[in-house]
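Undergrad: Here you go, one structure.
The values are calculated or read from the model by the stated rules, or taken from the named source; none is laboratory data. Since we're looking at a predicted model, the values are computed, not measured. In this analysis, Cβ positions are derived from the backbone assuming ideal geometry, glycine residues included, and neighbour counts consider all displayed protein chains. For accessibility, only protein heavy atoms count, side chains too; no ligands or nucleic acids. Shrake-Rupley method; radii C 1.70, N 1.55, O 1.52, S 1.80 Å.
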Amino acid sequence: MTLFAAIRLPQEILFGKGQRHALPKVATRLGKRALICTDERFSGTDMFADIVASLKTVSVEILVYDAVQPDVPQETVSVCVDHAREFKPDMVIGIGGGSCLDMAKCAALLLTHGGRLQDYYGEFKVPGPILPVIAVPTTAGTGSEVTPVAVISDSERTLKVGISSPYLIATAAICDPELTMTCPSGLTAIAGADALTHAIEAFTAARRGDDHKLAQNHVFIGKSALTDHFALLAIKLLGRSLEKACKDGSDEDARADVMMGALAAGCAFGTAGTAAAHAVQYPAGALTHTAHGLGVATMMPYVMNYNRSVSVSEMAEIGSALGLDSVGVEIETQAKAAIEEVRRLFAAIGITPTLADLGLPADKLDWTAEQALGIDRLIKNNPRPFDLDAMKRLVKAAYDGDLAASAN
């Protein structure tokens, strides 16, 4: 028997129009005092006021921290925790984009275990369960509502850093597409492209076997039967609706597809992991100060082409999930068509096509390759191995916009 699967998810996932109204009932099962982490923009909306009022109607006391910043600067987490410590919350509710959800995870971690955030950088550094987290995303991209990761920025480090532990998985994820209806087109595109990249990298991740120690020793363990299921669902939904949602933000069906796609992609990569596109984005993003989703999506077609020789069947399946006609089409042709369709889709929604256009300096290509190769947790997940020369060729191809060269 060769069938193997592993997956880690929240205790409860609620998805659908109006599901935000379930938040009070979910919260009362976890306690009576809630710290809410959000940003200044969302905290000023009528939607947020309604959410807070609904919690108060079931006698949940609320403390709001509404100063979450993009990429969660490390020092702001201690500010949030100091703000909340005397309040002694029973739970933390993150409402907003991925940074708000990551702040909620980090706050819950420090309120439970103390210490400095730096003590937990890396994998499996969280010693035990944390305060329950309810994740309520208002964008559709990061998948943080279901993943075991919190990504932050540390001024002492060039690259963003991650805390990875199954204990960081939210207790409940409440995903209401209505919360994304006012998301601007540009942000919808970048977030959705991030989600599609998550799904593709999870589906094409290395398959590491079925050793019973694998999932106990690694947070991200490569592809398996269950992560493949979620990844293909995400690719299908994002392929058919991301462009629609970017062109017409009032399209409720497209918004629902994109949010479900981001959720499913999170379910996939939260256990399978991501790979080379993310590895290159970490140093490239640090140098260009561009959005994470924009950077990984810029890299994705080049990484797909690099991996095509060892993942041709997966690439063909991606093509089918994207809606390409596969009847009578050779598998190699279908794989190439899938890469071209990803390029077409990303171009249609305004994703930057090259690292040069992203603003990466030409004299930093080798440094970018060296830094990317050093992110072992991502590189070991890539289906085709890398050495430094191969990574340099990939980065150069993505800089020049030479898709063919990325296969070398």
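Undergrad: Name the residues in segment 390-408 that are under 17 Å from P283 (Cα atoms), open to solvent by 30 Å² or more (accessible area, probe 1.4 Å) and of a type outside the set (K, R), would you?
TA: Selection gives Y399 alone.
Undergrad: Sticking with this structure for a sec: Can you find a residue in segment 366-376 that is free of Cβ contacts under 8 Å to residues at least 12 places away in the same chain and either of a type in the set (S, T, Y) or in a helix (DSSP H, G or I) (or both)?
TA: Yes, there is a match, as at least one residue in segment 366-376 is free of Cβ contacts under 8 Å to residues at least 12 places away in the same chain and either of a type in the set (S, T, Y) or in a helix (DSSP H, G or I) (or both).
Undergrad: If you take the residues in segment 274-313 that are over 10 Å from the mean Cα position of the chain (by Cα) and assigned to a loop (DSSP other than H, G, I, E, B), which one is nearest to E12 (Cα to Cα)?
TA: So, considering only residues that are over 10 Å from the mean Cα position of the chain (by Cα) and assigned to a loop (DSSP other than H, G, I, E, B), the one nearest to E12 (Cα to Cα) is A275.
Undergrad: Follow-up question, since we're still on this one. Residues in segment 73-88: is at least one assigned to a helix (DSSP H, G or I), open to solvent by 30 Å² or more (accessible area, probe 1.4 Å) and of a type in the set (V, I, T)?
TA: Among the residues of segment 73-88, at least one is assigned to a helix (DSSP H, G or I), open to solvent by 30 Å² or more (accessible area, probe 1.4 Å) and of a type in the set (V, I, T), which makes the answer yes.
Undergrad: Among what's in segment 1-46 and is in contact with a strand residue (DSSP E or B) (Cβ under 8 Å, 6 or more places away or on another chain) and assigned to a helix (DSSP H, G or I), pick the residue that is nearest to D228 (Cα to Cα).
TA: Within segment 1-46, the match that is nearest to D228 (Cα to Cα) is Q19.
Undergrad: Can you tell me which residues in segment 247-273 are surrounded by fewer than 24 Cβ atoms within 10 Å (Cβ to Cβ), of a type outside the set (A, V, I, L, M) and touching a residue at least 60 places away in the same chain (Cβ under 8 Å)?
TA: If the condition is that a residue be surrounded by fewer than 24 Cβ atoms within 10 Å (Cβ to Cβ), of a type outside the set (A, V, I, L, M) and touching a residue at least 60 places away in the same chain (Cβ under 8 Å), then K247, G249, S250, E252 are the ones that fit.
Undergrad: Counting just the residues of segment 24-39 that are among the small types (G, A, S) and buried (at least 21 other Cβ atoms within 10 Å of the Cβ), which one comes out farthest from D90 (Cα to Cα)?
TA: Among residues in segment 24-39 that are among the small types (G, A, S) and buried (at least 21 other Cβ atoms within 10 Å of the Cβ), the one farthest from D90 (Cα to Cα) is A27.
Undergrad: Kindly list the number of the only condition in (1) open to solvent by 30 Å² or more (accessible area, probe 1.4 Å); (2) in contact (Cβ under 8 Å) with a residue 40 or more places away in the chain that fails for D363.
TA: Single failed check for D363: (2).
Undergrad: Does T139 meet the test of being touching a Gly at 6+ places or on another chain (Cβ under 6 Å), touching a residue at least 40 places away in the same chain (Cβ under 8 Å), crowded, with 23+ Cβ neighbours inside 10 Å and closer than 23 Å to H289 by Cβ?
TA: Answer is yes for this residue.
Undergrad: Condition first: touching a Ser or Thr at 6+ places or on another chain (Cβ under 6 Å) and open to solvent by 60 Å² or more (accessible area, probe 1.4 Å). Now tell me which residues in segment 40-68 satisfy that.
TA: Selection gives D66 alone.
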